[in-house]
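Following: one structure in structure tokens, then a few remarks.
The values are calculated or read from the model by the stated rules, or taken from the named source; none is laboratory data. These numbers come from a predicted model, not from an experiment. Virtual Cβ from ideal backbone geometry, glycine too; neighbours counted across all protein chains shown.
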Amino acid sequence: MVIFIMLLLKELPTKKSLEQFASRYPNINIPAIVDFVVLLRASSDISQALDKLLAKHGLLQGRWWILILLLRQPNQTSSPTDLAEKAGVTKASITGFIDSLQREGYVSRVEDETDRRKYVIRLTEAGLKKLDSTVPDYNEKIESLMNTLNLKQREEMLNSLKTLVNHLELMK
């Protein structure tokens, strides 16, 4: 899972802008560009919808995913470094998320039992209650969205996305 700030693409290219693009770059594959931009737009719209859903519960995506990552741990505890790695963010970013979650009482910093120079992050009872009050709405909205596609469509979509992800090295 990756947490990132994404430029929200709101305006898709027009036929005229694509023609101008093609006249400047004659070897460009316009259908591929259009499909890619539509994919980016869908990602932006989905991310923005998730932001709005979580905002109703007083959360942002970064903080939400940290709570979820902690919930997934057997003892609901993790090191900041592991959280940063699993979330795909820098240590500085994870510190900001942890600080804000701690201020609200959703996580606590606890001395590491094996190395007293370190600390781990633990999901608190308040954090569990926040998840308990948010997850049902989250689940309902995600289920509703995903059920707009039938199982075959979802499988095809997921297979297509996996294929794209497996070929991201082509963009390097």
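Return the pairs, sorted by first residue and then second, in which the second residue is aromatic (F, W, Y) and surrounded by 11 or more Cβ atoms within 10 Å (Cβ to Cβ), the first residue lies in the stretch 138-165 and is within 20 Å of Q48 (Cα to Cα), the beta carbons are less than 9 Å apart, and the residues are 6+ apart or on different chains.
Y138/W64
Just to be sure I understand the filter: pairs with C-beta atoms under 8 Å, separated by 6 or more residues or on different chains, first member in the stretch 48-69 and more than 17 Å from K141 (Cα to Cα), second member among the aromatic types (F, W, Y) and part of a helix (DSSP H, G or I). Which pairs pass?
Filtered contacts from the stretch 48-69: G62/F97; R63/F97; I66/F97.
Please state which one of V34, V110, V38 is of a type in the set (A, V, I, L, M, F, W, C) and touching a strand residue (DSSP E or B) at 6+ places or on another chain (Cβ under 8 Å).
On the way: V34 fails: touching a strand residue (DSSP E or B) at 6+ places or on another chain (Cβ under 8 Å); V38 fails: touching a strand residue (DSSP E or B) at 6+ places or on another chain (Cβ under 8 Å).
Going through V34, V110, V38 in turn, the sole match is V110.
Here's the yes/no breakdown for (1) surrounded by 11 or more Cβ atoms within 10 Å (Cβ to Cβ); (2) more than 23 Å from A92 (Cα to Cα); (3) out of contact with any Gly (no Cβ under 8 Å at 6 or more places or on another chain):
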| site | (1), (2), (3) |
| --- | --- |
| N29 | yes, yes, yes |
| I33 | yes, yes, yes |
| L50 | yes, yes, yes |
| Q61 | yes, no, yes |
| P74 | no, yes, yes |
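Restricting the search to the stretch 35-58, which residues are in contact with a helix residue (DSSP H, G or I) (Cβ under 7 Å, 6 or more places away or on another chain) and either part of a helix (DSSP H, G or I) or modelled with pLDDT under 95 (or both)?
L50, D51, L53, L54
Of all residues being farther than 13 Å from L70 by Cα and free of Cβ contacts under 8 Å to residues at least 24 places away in the same chain in the stretch 105-115, which is surrounded by the fewest Cβ atoms within 10 Å (Cβ to Cβ)? Just the residue, please. Spell out how you get there, then give the answer.
The first filter runs over the stretch 105-115 and keeps only residues farther than 13 Å from L70 by Cα, leaving 105, 110-115.
Now restrict to residues that are free of Cβ contacts under 8 Å to residues at least 24 places away in the same chain: 105, 111, 113-115.
On the way: G105: 13, E111: 11, E113: 9, T114: 7, D115: 10.
This residue is T114.
Hey, any hits in the stretch 85-92 for a residue that's surrounded by 13 or more Cβ atoms within 10 Å (Cβ to Cβ), more than 16 Å from D132 (Cα to Cα) and polar (S, T, N, Q)? Spell out the reasoning first.
Looking only at the stretch 85-92, we keep the residues that are surrounded by 13 or more Cβ atoms within 10 Å (Cβ to Cβ), and these are 85-87, 89.
Then drop every residue that is not more than 16 Å from D132 (Cα to Cα), which leaves 85-87, 89.
Then keep just the ones that are polar (S, T, N, Q); that gives none.
No, the stretch 85-92 has no match at all.
Kindly list the number of the only condition in (1) part of a helix (DSSP H, G or I); (2) in contact with a strand residue (DSSP E or B) (Cβ under 6 Å, 6 or more places away or on another chain); (3) of a type outside the set (G, A, S); (4) loosely packed, with under 15 Cβ neighbours inside 10 Å that fails for L70.
For L70, the failing item is (4).
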